Amino acid sequence: MEPKRIREGYLVKRGSMFNSWKAMWVVLLEDGIEFYKKKSDNSPKGMIPLKGSTLTSPCQDFGKRMFVFKITTTKQQDHFFQAAFLEERDGWVRDIKKATKCIEGGQKFARKSTRRSIRLPETIDLGALYLSMKDTEKGVKELNLEKDKKIFNHCFTGNCVIDWLVSNKSVRNRQEGLMIASSLLNEGYLQPAGDLSKNAVDGTAENPFLDNPDAFYYFPDSGFFCEENSSDDDVILKEEFRGIIIKQGCLLKQGHRRKNWKVRKFILREDPAYLHYYDPAGGEDPLGAIHLRGCVVTSVESNPDGKKSEEENLFEIITADEVHYFLQAATPKERIEWIKAIQVASRTGK
């Protein structure tokens, strides 16, 4: 019997020979990880055995690269993968850890397990705490803060984080809050914004997180950006990024000129409604933006030339300016989710 497929999707993988980062179709099996150049390929480019391997997450070996995790095999070979966003990385990490544990125990992988106890875990659940902090009503409030003639959008201060942890009874005192906030920072759930908080992370302060009203931080999946005294054109450009992120992930996109398909990371924001796409292997600036206000989005069963397509799960976005974009999801369910999310943004976003 073939090994069971546990999880699959696009991840960015670091090459073992040339150290370049490329988007790959990755499949987690019960006994290892296979990676393919394209989803449609029949044979993988490589396979990573999980037996005896160790997993490191977060992996902070690459500076600005976020959401990276590392798998080290028994032969001491390191394999680095980068997810598109935090929850995606955590999902891969959970499943890989569980698959490895099942191999060690000689068990079959199963997502549902019987809880032997209803006692709370001894260690705090940082992932659950992060989601509580992001709650729009009861979480940490995102603000636009000004410092040194710069405006930091969608961020908050270090002392506000500690205040929230104490008032929410997540910690007993501010010292304990500082320890938890530092853990959130180290795990990538919080990001530093501004020189003061960045210098603390780099080791110039006693603690990586600062309980300070002048230290700024932000959630990695927020609409954070920093702007200086800028021209009117810059303000209009930045307006695209003010919307709240409602969905993100990797899709295949067809180019307008060469008509070739490439993996792109997409971030969907509403109010204003924009779909930005990026090179998933690197680069903080988007390759392009699709203004969704008044657009039409539908699933299609044929390619842009009108011929029956060999590719599946295609959908098309037609903007108000009648520009056509053809995208491909990995699964029928994912296509439906993207179409619904884009439809909502196109109706409600300005």
Please give the length that would be gained between residue 134 and residue 97 if that part of the chain were fully extended, namely 0.36 nm times their separation in residues minus their C-alpha to C-alpha distance (nm, one decimal). 10.7 nm
Give a residue-ordered list of calculated ³J(HN,Hα) values for region 127-135 (Karplus: 6.51 cos²θ - 1.76 cosθ + 1.60, θ = phi - 60°; whole Hz; x for Gly, Pro). x, 5, 5, 4, 5, 5, 5, 7, 4
Please report the carbon-and-sulfur percent of the accessible area for the chain; probe 1.4 Å, protein heavy atoms only, DNA, RNA and ligands left out. 47 percent
Relative contact order (percent, whole number), the chain, Cα cutoff 8 Å, 6+ residue spacing: 10 percent
1/(1 + (r/R0)^6) with r = Cβ-Cβ of residue 107 and residue 336, R0 = 30 Å, i.e. FRET efficiency to nearest 0.05, evaluates to 0.35
What nm value, rounded to one decimal, do you get for the distance between residue 322 and residue 37 when each label is placed 7 Å out toward the C-beta? 3.9 nm
Charges only on Cβ, +1 for Lys and Arg, -1 for Asp and Glu: so what's the dipole of the chain about the Cα centre, in debye to the nearest 20? 1580 debye
Simple spin-label estimate for residue 60 and residue 147 in nanometres, 7 Å along Cα-Cβ: 1.8 nm
Ordered by residue, what ³J(HN,Hα) values in Hz, to whole numbers, does region 319-331 give under the Karplus form 6.51 cos²θ - 1.76 cosθ + 1.60, where θ = phi - 60° and Gly and Pro are x? 6, 4, 8, 6, 9, 9, 10, 10, 10, 10, 8, 7, 9
Any idea what % of Cα-Cα pairs in the chain are farther than 29 Å? 48 percent
For 66, 24, 47, what's the largest-to-smallest order of accessible area, 1.4 Å probe? 47, 66, 24
Loop sites only, by DSSP: take the GluC sites (Glu not before Pro) in the chain that have at most 11 other C-beta atoms within 10 Å and name the longest stretch containing none of them. 1-121
Amide H neighbours of residue 29 under 5 Å, counting only residues 5+ apart in sequence or on other chains, H built in-plane at 1.01 Å? 6, 34
For the chain, what does the accessible surface come to per residue with a 1.4 Å probe? Please give it in Å². 58 Å²
Approximate spin-label separation residue 287-residue 300, in nm, with each point projected 7 Å along Cα-to-Cβ: 1.8 nm
What residue among 160, 268, 314 has its Cα farthest toward the positive end of the dipole of the chain, where the charges are +1 on Lys, Arg and -1 on Asp, Glu, each on the Cβ? 314
Please sort by residue number the trypsin sites (Lys or Arg not before Pro) in region 236-288 whose DSSP state is loop and whose Cβ has at most 14 other Cβ atoms within 10 Å. 257, 258, 259
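The values are calculated or read from the model by the stated rules, or taken from the named source; none is laboratory data. In this text the structure is predicted, and so the values were computed from the model without any measurement. Ideal geometry is used to build each Cβ from the backbone, glycine not excepted, and the neighbour counts take in all protein chains shown. Heavy atoms of the whole protein, side chains included, go into the accessibility calculation; ligands, DNA and RNA do not. Shrake-Rupley method; radii C 1.70, N 1.55, O 1.52, S 1.80 Å.
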